[in-house]
Each structure stands twice: as structure tokens, then as C-alpha cells.
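Below you'll find the structure, written out as C-alpha cells, and then a few comments.
The values are calculated or read from the model by the stated rules, or taken from the named source; none is laboratory data. Just so you know, these numbers come straight off a predicted model, no measurement behind them. Every residue, glycine among them, receives a Cβ derived from its backbone with ideal geometry; neighbour counts consider all protein chains shown. The accessibility values were calculated without ligands, DNA or RNA, using every heavy atom of the protein model including side chains. Shrake-Rupley method; radii C 1.70, N 1.55, O 1.52, S 1.80 Å.
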Amino acid sequence: MEIPEKTKKTVCVMGLGYVGLPTAAILTRHGYRVAGVDINKSVVETINHGKIHIAEEGLDELVSGSVGTGLLTAALEPSAANIFLITVPTPLKDDFIPNIDHVLAAAHALAPHVRPGNLIILESTSPVGTTEKVAAQLAECGVPLDDIDIAYCPERILPGNTLSELIENSRIIGGLTPRASQSAREFYASFVTGELIVTDARTAEMAKLVENAYRNVNIAFANELSMICDESGLNVWNVIECANKHPRVNILKPGPGVGGHCVAVDPLFISHAARDEAKLISAAHHRNTEKTKWVVDKIRKAAFEFTRVNHRAPSIACLGLSYKPNSDDIRESPALSIVRQLIREGYDVFCVDPHITRALEFYITNTAPSLESGDIIVCLVAHDVFKKVSFPQGAQILDFCGLTER
């Protein structure tokens with residue numbers, strides 16, 4: 001549904017990362033005037049120059065056009081708007097306790113700009129009850145809650161396909177009041193073509209966590225299968241392919257662990273809140289963590305055997321650093337964790353990943369010819385570009401992501 005020109009509204013997006021920036025840009029295509037906010041000065045300057053700081057197909061052109069027309073601007077501080085979206089990170093603290101400090105800080109920052117009739121939507125994946133804490137934060141700042149609407153609507157996107165999924169995927173909308181739910185539904189109906197499911201805020205918060213916990217448990221099952229099959233001398237990819245021929249079986253692909261902010265982190269929001277009941281969810285988290293350690297141990301054993309036979313330490317080439325194929329996203333990446341562990345232990349490691357352009361604490365090459373110097377080649381992420389690589393003869397291949405299963 002396209003909003004009539006005379007009723008177009010302004011939106012303030014708090015957080016211009018993997019969700020906030022694409023959302024802001026899409027909203028401008030539907031007639032909204034958007035003010036994006038981020039605490040990172042470099043991010044703000046980059047966007048105001050019509051450029052992007054994250055890799056996402058089609059986003060560069062969309063942002064460039066939105067900034068060029070003046071419908072999208074970025075700033076370090078929020079400003080008045082009709083609708084406020086909170087799309088900031090919700091990481092874990094070192095002891096696996098959910099951290100909603102960024103969410104509450106965003107609510108505190110926007111509070112002075114809230115006016116009667118405004119709609120405030122939390123999109124950040126959050127523990128159950130966080131939307132209520134946003135309301136409490138606003139009330140503490142003197143915002144009359146009876147005059148505004150507050151709702152929760154989590155994103156449901158896959159990095160690499162964000163722009164289409166923001167529009168086409170269904171959305172769960174949970175308001176703190178029925179009026180807030182309806183107000184938020186009308187907003188999303190203006191640019192989302194997928195189904196809009198209306199519920200209460202707590203149900204919406206839990207549903208988002210459950211979606212990612214489901215995938216986390218399924219990945220843990222696949223990772224456990226990979227370890228079992230390795231012990232039995234079986235090809236796990238063939239086993240899973242055969243099992244998935246059953247009409248009611250859909251086993252996901254194993255890998256070097258589990259990564260990404262959502263699947264790797266969100267299930268812990270549940271297990272933290274329900275320690276005694278979330279036994280399966282907790283076990284899945286531990287199993288995925290064990291898989292990463294198992295991969296490091298397999299590489300250690302291969303390096304030890306190479307040194308024993310050749311009387312020198314091997315050069316280890318690690319393919320892929322992101323948490324998923326064809327992406328530059330390294331959040332909670334098990335591949336990155338593995339590489340860092342090997343470097344800490346003193347192994348001669350070099351990394352190949354054409355998608356990673358940011359600077360890390362070690363050198364990254366994006367050229368396949370560099371593999372020629374690798375004695376042990378470790379496949380960690382199945383980027384499409386790696387599927388075209390011819391591995392050097394004589395090198396030992398350790399494939400933990402199915403890259404060689406062509």
C-alpha cells in the first residue's frame with residue numbers, strides 16, 4: 001500500500017548497521033523522509049557522502065539515490081520525527097548475559113524528541129520484556145506514554161538478500177497496546193508485501209528468539225552428525241542428502257560451528273531467562289561451540305602429522321572468515337575464531353577471503369593463486385568464488401563446510 005503524498009511521514013532510524021541502513025533506504029523509496037542516527041562518526045560521514053559501510057547487494061545504489069534526493073540524511077543525534085525505529089545491536093556480555101544497554105541508550109536519546117501521536121518501534125532482537133523496558137525508559141525521561149504508541153517488530157532478513165526480504169518477508173508486530181499494534185501494522189503495510197501478523201509485544205519478542213533457537217538446534221544436530229560421521233569414516237554430506245530425501249526431514253548443513261549475531265546469540269536470551277527449562281537450547285549452544293574446538297583440534301593433528309613426515313611446520317591456508325557464504329559479516333564467526341586461535345598458537349596461517357575488505361589484525365589475501373603455497377588447506381566458508389578454485393596437488397584438504405562436495 002503506497003502512502004498518499006499528503007500524508008507522508010518522517011522516520012528517525014536509530015542505528016545504521018545491517019538492518020537500520022537498508023531499512024532507512026527502503027523507506028525513502030516509499031516516500032518517507034528518513035533521518036538515520038549512528039554513534040559512529042565515520043558511518044555518518046560515509047552515508048552523507050552517498051556511500052555505504054557494509055556490503056549488501058544493491059544497497060550502494062539505493063543509498064546513493066536516497067541521499068542524492070535529500071530523503072536520507074545521517075547524524076550523530078536523533079531529531080524529531082513521526083516514527084522512531086530502534087535498530088541497534090543487542091550483544092552478549094562476557095558471561096553470556098543479554099546486553100540491552102544500546103536499546104535503552106537509544107530510547108534515552110530519542111526521548112526529548114518524542115511528541116504526542118508518535119510511534120516508536122523496537123526492531124532489535126531482544127530478550128522478552130525489552131519493549132516494556134523501552135517504555136519504562138521513556139517514562140523515566142518524562143515522555144507521557146498515553147500519548148504515544150510503542151511496539152516491537154523484529155527483522156527477519158538474510159544478509160545478502162536484505163533488500164528484497166525487508167519487503168517480501170512476513171513480519172510479526174507486537175504492540176504494548178492494541179492501538180500500538182494497529183499503528184505499527186499500518187506503518188509496515190506501507191512498504192511490506194509479506195503477511196503482517198499482529199500479536200502482543202512479549203509474544204513477538206519470544207517468537208523471534210524461537211526462530212533462531214530452532215535453527216541453532218538444527219545446526220547443532222548437523223554439526224554433531226559431522227563429528228559422528230568423521231569418527232565412522234562416512235561422508236556427512238552424503239548422509240544428510242540421503243536423509244533429507246524423506247519428505248519430513250530437513251537437516252541443515254554442518255559447518256565449523258555457528259555464527260552471526262542472530263542464530264549464535266539469540267538462543268542464549270532464552271536460556272538465560274529460563275535456565276532450568278531450556279536444556280535442549282543450552283545443549284545446542286555447547287555442541288556448536290564444541291564443534292569449533294573440534295575443528296581446531298583436527299587442524300592441529302594435521303599440522304602435527306605434516307611436521308612429523310616433512311620435518312618442518314606446514315603453511316596453513318584458511319578459506320573464508322565470515323560467518324556465512326558470500327558475505328563480509330564476521331559477527332560471531334566461528335571461522336574467524338578458528339583462525340585467531342591458530343595464530344595465537346603460533347601456526348603459520350594465511351587467510352583468503354575476497355569479501356573481507358576491512359582491516360583485521362592479520363593479513364588477508366583475496367587471490368586464489370596464493371593457495372599454491374599452502375601445505376594444508378582449511379575450508380571454513382563455502383563462498384561461491386572458492387567453488388571455482390583448483391586446489392594444488394599434494395596439499396591436504398580439510399573441508400569443514402562442504403566446499404569440495406561439488
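Checking each residue in region 332-344 for being open to solvent by less than 50 Å² (accessible area, probe 1.4 Å) and part of a loop (DSSP other than H, G, I, E, B) picks out only SER333.
Of all residues in region 293-352, those satisfying the criterion of being among the hydroxyl-bearing types (Ser, Thr, Tyr) and in contact with a strand residue (DSSP E or B) (Cβ under 8 Å, 6 or more places away or on another chain) are SER315, TYR347.
Kindly provide the set of residues from region 345-378 that are within 21 Å of the chain's Cα centre (by Cα) and open to solvent by less than 30 Å² (accessible area, probe 1.4 Å), ordered by number. Reasoning before the result, please.
To start, the set of residues in region 345-378 that are within 21 Å of the chain's Cα centre (by Cα) comprises 353-360.
Once the filter is applied, which keeps residues that are within 21 Å of the chain's Cα centre (by Cα) and open to solvent by less than 30 Å² (accessible area, probe 1.4 Å), region 345-378 yields ASP353, ILE356.
Applying the set (1) modelled with pLDDT under 95; (2) of a type outside the set (Phe, Trp, Tyr); (3) under 16 Å from GLU155 (Cβ atoms) to LEU196 leaves exactly one unmet item: (1).
Quick one: in region 117-138, of everything that is of a type in the set (A, V, I, L, M, F, W, C) and outside any loop (DSSP other than H, G, I, E, B), which residue is farthest from ALA80 (Cα to Cα)? Checked region 117-138; the qualifying residue farthest from ALA80 (Cα to Cα) is ALA136. For region 139-182, filtering for residues that are touching a strand residue (DSSP E or B) at 6+ places or on another chain (Cβ under 6 Å) and either modelled with pLDDT under 95 or in a loop (DSSP other than H, G, I, E, B) (or both) leaves 2. Among the residues making up region 126-137, those that are within 17 Å of GLY15 (Cβ to Cβ) and open to solvent by less than 10 Å² (accessible area, probe 1.4 Å) are SER126, THR130, THR131, VAL134. Taking the residues in region 185-206 that are over 22 Å from the mean Cα position of the chain (by Cα) and among the small types (Gly, Ala, Ser) as candidates, determine which candidate is surrounded by the fewest Cβ atoms within 10 Å (Cβ to Cβ). That would be ALA189.
Filter region 182-201 for residues that are touching a helix residue (DSSP H, G or I) at 6+ places or on another chain (Cβ under 8 Å) and either among the hydrophobic types (A, V, I, L, M, F, W, C) or farther than 19 Å from GLU168 by Cβ (or both) and give the result. It would help to see each step written out before you state the result.
Applying the first criterion (touching a helix residue (DSSP H, G or I) at 6+ places or on another chain (Cβ under 8 Å)) to region 182-201 yields 191-194, 196, 198-201.
The answer is PHE191, VAL192, LEU196, VAL198, THR199, ASP200, ALA201.
Of all the residues in region 328-357, those that are of a type in the set (Val, Ile, Thr), in contact with a Phe, Trp or Tyr (Cβ under 8 Å, 6 or more places away or on another chain) and under 15 Å from PHE400 (Cα atoms) number 1.
Exactly one residue out of ALA107, ALA81 is within 24 Å of the chain's Cα centre (by Cα), farther than 30 Å from ASN326 by Cβ and surrounded by 20 or more Cβ atoms within 10 Å (Cβ to Cβ): that is ALA107.
Restricting the search to region 257-281, which residues are open to solvent by less than 50 Å² (accessible area, probe 1.4 Å) and more than 20 Å from the chain's Cα centre (by Cα)? Explain how you work it out, then say what you get.
To start, the set of residues in region 257-281 that are open to solvent by less than 50 Å² (accessible area, probe 1.4 Å) comprises 257-271, 274, 278, 281.
Those that are open to solvent by less than 50 Å² (accessible area, probe 1.4 Å) and more than 20 Å from the chain's Cα centre (by Cα): ALA274, ALA278.
Here ASN216 passes the criteria (1) closer than 28 Å to PRO22 by Cα; (2) over 18 Å from the mean Cα position of the chain (by Cα) except the one numbered (2).
Restricting attention to region 297-313, does a residue exist that is in contact with a Gly (Cβ under 8 Å, 6 or more places away or on another chain), at pLDDT 95 or above and open to solvent by less than 60 Å² (accessible area, probe 1.4 Å)?
No: region 297-313 contains no residue that is in contact with a Gly (Cβ under 8 Å, 6 or more places away or on another chain), at pLDDT 95 or above and open to solvent by less than 60 Å² (accessible area, probe 1.4 Å).
Taking the criterion of being more than 18 Å from the chain's Cα centre (by Cα), open to solvent by 40 Å² or more (accessible area, probe 1.4 Å) and of a type in the set (A, V, I, L, M), the only residue of region 162-180 that qualifies is LEU176.
Residues in region 282-323 that are more than 20 Å from the chain's Cα centre (by Cα) and part of a loop (DSSP other than H, G, I, E, B): HIS311, ARG312, ALA313, PRO314.
Pick out the one residue from ILE26, ILE39 that is under 14 Å from THR162 (Cα atoms), among the aliphatic types (A, V, I, L, M) and either at pLDDT 95 or above or surrounded by fewer than 20 Cβ atoms within 10 Å (Cβ to Cβ) (or both).
On the way: ILE39 fails: under 14 Å from THR162 (Cα atoms).
That would be ILE26, the only listed residue that is under 14 Å from THR162 (Cα atoms), among the aliphatic types (A, V, I, L, M) and either at pLDDT 95 or above or surrounded by fewer than 20 Cβ atoms within 10 Å (Cβ to Cβ) (or both).
Table: residues versus (1) more than 21 Å from the chain's Cα centre (by Cα); (2) part of a loop (DSSP other than H, G, I, E, B); (3) modelled with pLDDT of 95 or more.
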{"residue": "GLU45", "(1), (2), (3)": "yes, no, yes"}
{"residue": "ILE54", "(1), (2), (3)": "no, yes, no"}
{"residue": "GLU61", "(1), (2), (3)": "yes, no, yes"}
{"residue": "SER66", "(1), (2), (3)": "yes, no, yes"}
{"residue": "ARG115", "(1), (2), (3)": "yes, yes, yes"}
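Look through region 141-161, keep the residues that are closer than 13 Å to GLU205 by Cβ and among the hydrophobic types (A, V, I, L, M, F, W, C), and return whichever of them is farthest from the chain's Cα centre (by Cα). By that ranking, first place goes to ILE150.
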